[in-house]
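Here the structure is laid out as structure tokens; the discussion comes afterwards.
Just so it is clear, none of the values below were taken in a lab; they were calculated from the coordinates. Because the structure is a prediction, the values reported are computed rather than measured. All Cβ positions, glycine included, derive from the backbone under ideal geometry; neighbour counts span all protein chains shown.
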Amino acid sequence: MNRYYKEIDGKPTTQNQLPGETVYGEETIKKTNEYRVWKPERSKYAAMLEKTNQKPPIKPNDKTLYLGAASGTTASHLSDLQPEGTIYCIEYSPRTLQDLTKKCKNRKNMIPIHGDANKPQTYQKYIPIVDNLYQDITQKNQAEITNKNTEKFLKPGGNIILMIKARSIDITGNAEKIIEKEIQKLQNIEIKQKTPLNPIHTDHMAIHAKYKPKQP
Ligand SMILES: C[S@@+](CC[C@H](N)C(=O)[O-])C[C@H]1O[C@@H](n2cnc3c(N)ncnc32)[C@H](O)[C@@H]1O
């Protein structure tokens with residue numbers, strides 16, 4: 001269990017590793033330590049944890065590759081959960097990356113990297129083998145992106161947390177069918193849990209899987 005994740009007064013929180021500083025205007029709660037409220041409406045990861053009633057499968061010294069970090073809302077909570085580890089934050093939009101860099105300049109375990117998750121070879125010089133791969137990218141080929149990045153960077157047995165957005169793949173079809181078809185494209189994984197995020201995040205599914213590469 002991750003000791004930096006706590007429910008306080010029914011609200012999921014992470015222990016603020018930079019007390020007195022917030023990242024996106026989130027509520028804070030002061031006890032012996034300071035905690036940042038992690039709202040399911042603001043973060044698909046928080047929504048997944050709420051819906052499954054589980055703690056994050058992340059250890060304080062983990063390394064995480066985060067694809068689609070945007071301006072750091074969810075990544076900053078991972079930064080609280082992994083104070084002895086590192087989050088490698090890949091973001092495609094230069095403007096958003098600038099925002100992420102500014103907001104997280106004092107969070108030394110967050111490394112913002114400009115990159116296209118479709119081309120992992122362009123950022124591989126910055127990324128070691130990691131314990132977790134988190135992916136929340138608004139692209140049609142989400143499974144393909146996951147496959148490419150797990151193969152290059154994730155340790156065998158490592159966690160994959162993937163947020164599939166049906167409407168990034170097909171704007172009109174049946175959301176469940178679209179998502180299931182995308183899941184079938186994932187390679188070398190063992191699915192632990194599939195969690196629909198409706199109604200908090202419409203037509204999104206959170207997948208928690210383990211990487212199981214074939215033996216050579
Ligand atoms: C839904 S937002 C991510 C929100 C974020 N995960 C959070 O919870 O705080 C998706 C992000 O993926 C980025 N993105 C889209 N295509 C990408 C690509 N090929 N490589 C890296 N990032 C990409 C977008 O610029 C956007 O910031």
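From the set of residues in segment 23-38 that are assigned to a loop (DSSP other than H, G, I, E, B) and free of Cβ contacts under 8 Å to residues at least 24 places away in the same chain, which is surrounded by the most Cβ atoms within 10 Å (Cβ to Cβ)? Top of the filtered list is E26.
Looking only at segment 142-156, decide whether some residue is free of Cβ contacts under 8 Å to residues at least 40 places away in the same chain, crowded, with 17+ Cβ neighbours inside 10 Å and either within 15 Å of the chain's Cα centre (by Cα) or more than 18 Å from I90 (Cα to Cα) (or both). No; the residues of segment 142-156 include none that is free of Cβ contacts under 8 Å to residues at least 40 places away in the same chain, crowded, with 17+ Cβ neighbours inside 10 Å and either within 15 Å of the chain's Cα centre (by Cα) or more than 18 Å from I90 (Cα to Cα) (or both). Picking from residues in segment 41-57 that are assigned to a loop (DSSP other than H, G, I, E, B) and surrounded by fewer than 21 Cβ atoms within 10 Å (Cβ to Cβ), the one that is nearest to the ligand (Cβ to nearest atom) is R42. The set of residues in segment 102-140 that are more than 9 Å from the ligand (Cβ to nearest atom), assigned to a loop (DSSP other than H, G, I, E, B) and either surrounded by fewer than 17 Cβ atoms within 10 Å (Cβ to Cβ) or of a type in the set (S, T, N, Q) (or both) comprises K105, N106, K108, N109, P128, I129, K140. For segment 181-213, which positions are in a helix (DSSP H, G or I) and touching a strand residue (DSSP E or B) at 6+ places or on another chain (Cβ under 9 Å)? E182, I183, listed by residue number.
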